[in-house]
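Undergrad: Can you read through this structure? Questions will come right after.
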Amino acid sequence: MVNIYLKPKKEESLLRFHPWVFSGAIGRMDGQPVEGDWVRVLDHEGRFLGAGHYQVGSIAVRILSFSDCEADRSWWERRIGRAFRLRQTLGLVRPGENDTFRLVHGEGDQLPGLVVDVYGETAVMQAHSVGMHQERQLIAETVQAVVPGVRHIYYKSESTLPYKAPIDPQDGYLIGGPADGEHLALESGLRFQVDWLRGQKTGFFIDQRDNRSLLEHYAPGRSVLNMFCYTGGFSVYALRGGAERVHSVDSSAKAIELTNRNVALNFPGDTRHEAYAEDAFKFLQNNREEYDLIILDPPAFAKHRDAVRNALKGYQRLNAKAIRQIRSGGLLFTFSCSQAVSREQFRLAVFSAAAETGREVRILHQLTQPADHPVNIYHPEGEYLKGLVLWVE
Ligand code: SAH
């Protein structure tokens, strides 16, 4: 491994276990690492700080270990094994009831650059760094060895790897590959068709599981509007919870197709549900109907810091429209998954939206991502999902 020596005083964030080394912190190297290689990081006096994947770019090293280690198969087995045991402890591995969970959540599992979602017999793997890309086969074999029942590993990194890197990532199966047919995931006793080949991210948003359960609790007898429904996760939980009727909206026709299929899988012939392929803002503009419960789970409005101002305006506009259409004594589940937007900023945007409508609004719950998307306490940037449940008088 090449040794990388930091400039004086640049070791402080690593001593506090923050896992990123910025390129500007590097003083010198005793060799030239190839992108994706493991490197050792030392302070300017040669004291060991950590080891991890080297990359060309503003984050030059993603630290994988704060102790000096041999990054061999047994290291990967220990690290991924630890991630799996956490998911067992969380009660997410319940064959026949729940086989869907995030196995590896990047920095949250001390594996920056790697995401692995498990859907029953298939795990979908995403690399965000060249190092994880280079080690993909070993990682896939380790996941299969660690998680009982996983037979197929699909690699989906064409859109997540840095486009400048000198690699040619191709999506495809690293292990196995199911015969054609339905890829079903089981979440809290509900079935969902997951399309990891063509779907967004790894095919399903596992991160809303706990929030869907909370929604189910409030669903009985209510008319529900699920905006930005994607696979219809919130809609299916609302139906199980006893909603009087459920409308799902997404601008993507493919998402509406998936939503209809998932409703039919769980509640065949249920006439309480209808889905609309329409832009969310237009739908709220044209729809004069009122609802007892509205869900707003839009895509990230701000992918970068410089987009935050516009994103906040977008959240305010969207939430104001929704709050106006909630019946008295109704609820709004509203989310932001923009990492660049802080919890306080999001809350302020929703506050401005409420004030604009002049309605009496109270916060009942403050929501976040579930425990299989853990936040490394030394890497607070990992907290990305924020949600509020509002009571509208
Ligand atoms: N709530 C979903 C995840 C939402 S992902 C779940 O629980 O799984 C965001 C969704 O918003 C995507 O499906 C995308 O197609 C949709 N979308 C993006 N822009 C939109 C718009 N302007 N109007 C309606 N839907 C939109």
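The values are calculated or read from the model by the stated rules, or taken from the named source; none is laboratory data. Just so it is clear, the model here is predicted, and its values are computed rather than measured. Every residue, glycine as well, gets a Cβ built from its backbone with ideal geometry; the counts of neighbours run over all protein chains shown. Please note that ligands, DNA and RNA were not included when accessible areas were found on the heavy atoms of the full protein model with its side chains. Shrake-Rupley method; radii C 1.70, N 1.55, O 1.52, S 1.80 Å.
Undergrad: Whole Å is fine, so just give me how far the alpha carbon centre of region 218-244 lies from that of region 154-207.
TA: Region 218-244 and region 154-207 have Cα centres separated by 25 Å.
Undergrad: Which of the listed residues, P298, F283, M227, is farthest toward the dipole's positive end in region 205-392, when Lys, Arg count +1 and Asp, Glu count -1 at the beta-carbon?
TA: F283
Undergrad: In square angstrom, rounded to the nearest 10, how much accessible surface does I26 have for a 1.4 Å probe?
TA: 30
Undergrad: How big is the charge dipole of region 318-372 about its Cα centre, in debye rounded to the nearest 20, if each Lys and Arg gets +1 on its Cβ and each Asp and Glu gets -1 on its Cβ? Don't jump to the answer; show the numbers that get you there.
TA: On the way: 7 positive and 4 negative charges, 45 e Å.
The calculation lands at about 220 debye.
Undergrad: Between region 117-144 and region 330-386, how many Å separate their Cα centres?
TA: If you average the Cα positions of each part, the centres end up 30 Å apart.
Undergrad: Using only the Cα atoms of region 205-392, what do you get for the radius of gyration and for Dmax, in Å?
TA: 15.7, 49
Undergrad: For region 3-65, what Kirkwood radius comes out of the mean inverse Cα-Cα distance, in Å?
TA: Details: mean 1/r = 0.0899 Å⁻¹.
It works out to 11.1 Å.
Undergrad: On full extension of the chain, what length is gained from F351 through R288, given 0.36 nm per residue of separation minus the C-alpha to C-alpha distance? Before the final figure, lay out the partial values.
TA: On the way: separation 63, 0.36 × 63 = 22.68 nm, distance 2.33 nm.
Extra length from F351 to R288 when fully extended: 20.4 nm.
Undergrad: Additional query: Dipole magnitude of the chain about its Cα centre, charges +1 at Lys/Arg Cβ and -1 at Asp/Glu Cβ only, in debye to the nearest 20?
TA: Details: 46 positive and 48 negative charges, 179 e Å.
In debye, rounded to 20, the chain gives about 860.
Undergrad: Sticking with this structure for a sec: Test of the criteria: in region 35-86, which GluC sites (Glu not before Pro) are in a DSSP loop and have at most 11 other Cβ atoms within 10 angstrom of their Cβ? Could the numbers behind the result be given before it?
TA: Numbers: sites: E35, E45, E70, E77; in loops: E35, E45, E70.
Hits after loop and neighbour filter: E45, E70.
Undergrad: If you split all Cα-Cα distances of the chain into 10 Å bins from zero, what percentages do you get per bin, shortest first?
TA: Result returned by the calculation: 5, 21, 29, 24, 14, 6, 1, 0.
Undergrad: Additional query: Which value in Å does the Kirkwood hydrodynamic radius of region 180-268 take, with 1/r averaged over all unlike C-alpha pairs and then inverted?
TA: Working: mean 1/r = 0.0772 Å⁻¹.
Hydrodynamic radius (Kirkwood, Cα pairs) of region 180-268 is 13.0 Å.
Undergrad: Counting alpha carbon pairs within less than 8 Å and at least 6 residues apart, what relative contact order, in whole percent, applies to region 289-365? Don't skip to the end; give the middle numbers.
TA: Values: 98 pairs, mean separation 31.8, N = 77.
41 percent.
Undergrad: Just to make sure I understand: if all protein chains stay in place, what is the order of V375, V21 by accessible area at 1.4 Å, largest first? Present the calculation step by step, with values, prior to reporting the outcome.
TA: On the way: V375 65, V21 5 Å².
So, going from the largest accessible area down, we get V375, V21.
Undergrad: Give me the net charge for the shell around V2: Cβ to Cβ below 10 angstrom, other residues only, Lys and Arg +1, Asp and Glu -1.
TA: Numbers: positive: R40; negative: D30, D37.
Its environment carries a net charge of -1.
Undergrad: Right, another one. For Y154, what accessible surface area do you get with a 1.4 Å probe? Give it in Å², rounded to 10.
TA: About 20 Å², rounded to the nearest 10.
Undergrad: Oh, and also: How much accessible area does R94 have with a 1.4 Å probe, in Å² rounded to the nearest 10?
TA: 90
Undergrad: So what is the relative contact order for region 117-218, in percent, with contacts set as C-alpha pairs under 8 Å and at least six apart?
TA: Numbers: 128 pairs, mean separation 25.3, N = 102.
In percent, rounded to a whole number, it is 25.
Undergrad: Then there's this: Between beta-carbons, use under 15 Å as the cut-off and find the net charge around R272, counting Lys and Arg +1, Asp and Glu -1. It would help to have the intermediate numbers written out before the result.
TA: Details: positive: R222, R240, R245; negative: E216, E244, D270, E274, E289, D292.
Residues near R272 contribute -3 overall.
Undergrad: So, one more: Give, as a single signed number, the net charge of other residues whose beta carbon lies under 11 Å from the beta carbon of P148, with Lys and Arg counted +1 and Asp and Glu -1.
TA: Numbers: positive: R151; negative: D99, E121.
Within the 11 Å Cβ shell, the charges total -1.
Undergrad: Could you order S129, S58, S213 by accessible surface area, starting with the largest, using a probe radius of 1.4 Å? Walk me through the numbers on the way to the answer.
TA: Values: S129 0, S58 75, S213 50 Å².
The ranking, largest first, comes out as S58, S213, S129.
Undergrad: Pairs of alpha-carbon atoms within less than 8 angstrom and 6+ residues apart define the contacts here; what relative contact order does the chain have, in percent?
TA: About 11 percent, as a whole number.
Undergrad: Need the full-extension length gain, T160 to S13, defined as separation in residues times 0.36 nm minus the C-alpha distance. One decimal, nm. Walk me through the intermediate numbers first.
TA: Details: separation 147, 0.36 × 147 = 52.92 nm, distance 2.58 nm.
Between T160 and S13, full extension yields an extra 50.3 nm.
Undergrad: Counting only helical runs of four or more DSSP H residues, what would the 222 nm mean residue ellipticity of the chain come to if each run contributes -39,500 (n - 2.57) and the total is spread over all its residues? Don't jump to the answer; show the numbers that get you there.
TA: On the way: 10 runs with 108 residues, N = 393.
Estimated from H runs of four or more residues: -8500 deg cm²/dmol.
Undergrad: So if we plug the beta-carbon distance of H217 and S23 into 1/(1 + (r/R0)^6) with R0 = 45 Å, what FRET efficiency do we get, rounded to 0.05? Working shown, then result.
TA: Values: r = 48 Å, r/R0 = 1.06.
Result of the calculation: an efficiency of 0.40.
Undergrad: Further question on the same structure: At 1.4 Å probe size, with every protein chain present, just tell me what the per residue accessible area of the chain comes to in Å².
TA: Numbers: 17120 Å² over 393 residues.
Solvent-accessible surface per residue comes out at 44 Å².
Undergrad: Now, a different point. Assign one of three labels to region 306-390, namely rounded, prolate or oblate, based on the Cα gyration tensor with a ≥ b ≥ c the square roots of its eigenvalues; rounded applies when a/c is under 1.5, prolate when it is not and a/b is larger than b/c, and oblate otherwise. Don't jump to the answer; show the numbers that get you there.
TA: Numbers: a/c = 2.82, a/b = 1.58, b/c = 1.78.
The shape class here is oblate.
Undergrad: For region 3-65, with only Lys/Arg (+1) and Asp/Glu (-1) charged at the beta-carbon, what is the dipole magnitude about the Cα centre, in debye rounded to 20? Kindly include the intermediate steps, with their values, before the conclusion.
TA: On the way: 8 positive and 7 negative charges, 33 e Å.
Roughly 160 debye for region 3-65.
Undergrad: Counting only DSSP beta bridges with both residues in the chain, what percent are antiparallel, rounded to the nearest 5?
TA: 65
Undergrad: In bins 5 Å wide, starting from 0, what share of all Cα pairs of region 75-189 does each bin hold, as a percent?
TA: P(r) for region 75-189, in whole percents per bin: 2, 12, 23, 24, 19, 12, 5, 1, 0.
Undergrad: Just want the answer: with Cβ charges of +1 for Lys and Arg and -1 for Asp and Glu, which residue in T142, H183, S342 is farthest toward the dipole's positive end in the chain?
TA: The one lying farthest along the dipole's positive direction is S342.
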